[in-house]
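Step one of this worksheet: look at the structure below.
The values are calculated or read from the model by the stated rules, or taken from the named source; none is laboratory data. What you see is a predicted model, and the numbers here were worked out from it, not measured in a lab. Cβ coordinates were reconstructed from backbone atoms using ideal geometry, including for glycine residues, and neighbour counts include every protein chain displayed. Calculation scope for accessible area: heavy atoms of the full protein, side chains included, ligands and nucleic acids excluded. Shrake-Rupley method; radii C 1.70, N 1.55, O 1.52, S 1.80 Å.
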Amino acid sequence: MKNVGGDEWVVIVKSVLMNDYQYGTTLDYGNGTYSILIVPEVAGPNDLSITLDGKHIRVSPFRINVVHNAVHGPSSFVVDEAEVSQMKAMTENIFTIQAVDKWGNKAIYSQEHPHNTSVSVESESIDTSATQISYGGGGKYEISVKPVVSGEIYIEIMLNGKDIIGSPLPVSVQPGDFFADTSVATGVGLRRAQAGVQASFSIQSKDAGGNDKVQDDAMFNVTLTLVERPLAPFGIKMFRTNATNEVVVTGTQSFIEEGQYLIQYTCFEAGQYDLMIKDFHGNSIAGSPFSVHVAPGQLSGAQSIMTGDGILKGIAGHISPVLVFPRTILRYRLVSVESESIDTELL
């Protein structure tokens, strides 16, 4: 047995799966014994070669199995960046991250001792109570998040307390599905209109989180139901052809832009109406039903009608009865008036 040092050793560890290798170092104790230090950087099967004067020692190269080191957040990454760059609000969005060690080795034992790995997902723009993290094996973690706002947001993902590559991750969030309960209507047509004249208001469609919709993907059922007819002034008798039947008016819908819709309707009978705005599943928008007062239409002398003996004949100094049927410019009959105060003068 040799009891002096000074020999030249060459130590190499080479990955079987990749063309990657590292040189080791030797520590000479000067008595014929040596220590070898080698740091493999690729997990999996590796060949460890130990040579002296260009010749392998007995059994060299040795086949060794290298296990990854502790998970390193700054080296870990999102598997498919497209899954993160675009998301939908108020909806479950799923993406996967790959945990690796400092040298980029997949942390296939990241959930086992001593590599137990912590994963955290943080953002002010997500519903943290809906966040789910599950281990899929091979160092992969499936993460489900639910953004609550649309627009540009950021999501921070950390492994073992350190951000992964690109974290906080920029995310472009589109509005979620149309939701009637949070959608809102504005405009004069929600409160008042005039008989025979087209009235209108607008609806801003929203998702369940109250984010404004952008696309044209909402359908509304708009109806106005007459609930109270106006009282006739003293001395005026009301004549209506629809005095007992229900009066229901349907509105029309047209898309404007950015999730906004124009609703138009025309009521031909004055009175108080209940305005209902629902989606086609029967869900009402915020504030529905609205109360709309429809004022009588503009009267037209040319369209109004007068009957009675007073328009055909009369006696000087005597009052003759005249029956007046006022009509609007659309020839809609409002009331009839029986008058005894029209003076006639014979020429």
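Build a GNM of the chain with springs between Cα atoms under 10 Å apart, and of 152, 112, 81 the one that fluctuates most is 112.
Less than 25 Å apart at the alpha-carbon level, and either on another chain or at least 8 residues along: which lysines does that give for residue 206? List returned: 88, 146, 278. Give me log10 I(q)/I(0) at q = 0.07, 0.09, 0.10, 0.15 Å⁻¹ for the chain, Debye formula, one equal scatterer per alpha-carbon, no solvent. Taking Cα atoms of the chain as identical point scatterers yields -0.60, -0.75, -0.82, -1.15.
Cross-link reach is defined here as a Cα-Cα straight distance under 27 Å, omitting same-chain residues fewer than 8 places apart; for residue 106 the lysines meeting it are 14, 140, 162.
Spin-label pair residue 221-residue 291: with each label point 7 Å from Cα along the Cα-Cβ axis, the two points sit 2.5 nm from one another. Surface composition of the chain: carbon plus sulfur atoms hold 53% of the accessible area, using a 1.4 angstrom probe and ignoring ligands, DNA and RNA. Can you give the net charge of the other residues whose Cβ lies under 12 Å from the Cβ of residue 10, counting K and R as +1 and D and E as -1? Net local charge, residue 10 excluded: -2.
Accessible surface for the chain, divided over its residues, is 58 Å² per residue with a 1.4 Å probe. Stretched out straight at 0.36 nm per residue, the stretch from residue 85 to residue 20 would grow longer than its current Cα-Cα span by 20.1 nm.
Between residue 202 and residue 111, the simple spin-label model (points 7 angstrom out along Cα→Cβ) gives 5.1 nm.
Taking 265, 23, 273 in turn, the Gaussian network model of the chain (Cα-Cα springs below 10 Å) assigns the largest fluctuation to 23.
Relative contact order for the chain: 11 percent, from Cα pairs under 8 Å spaced at least 6 residues apart, divided by residue count. Relative contact order, whole percent, for segment 9-133 stands at 19, derived from Cα pairs under 8 Å and 6 or more residues apart. Among 24, 189, 287, the largest mean-square fluctuation in a Gaussian network model of the chain (Cα springs under 10 Å) belongs to 24.
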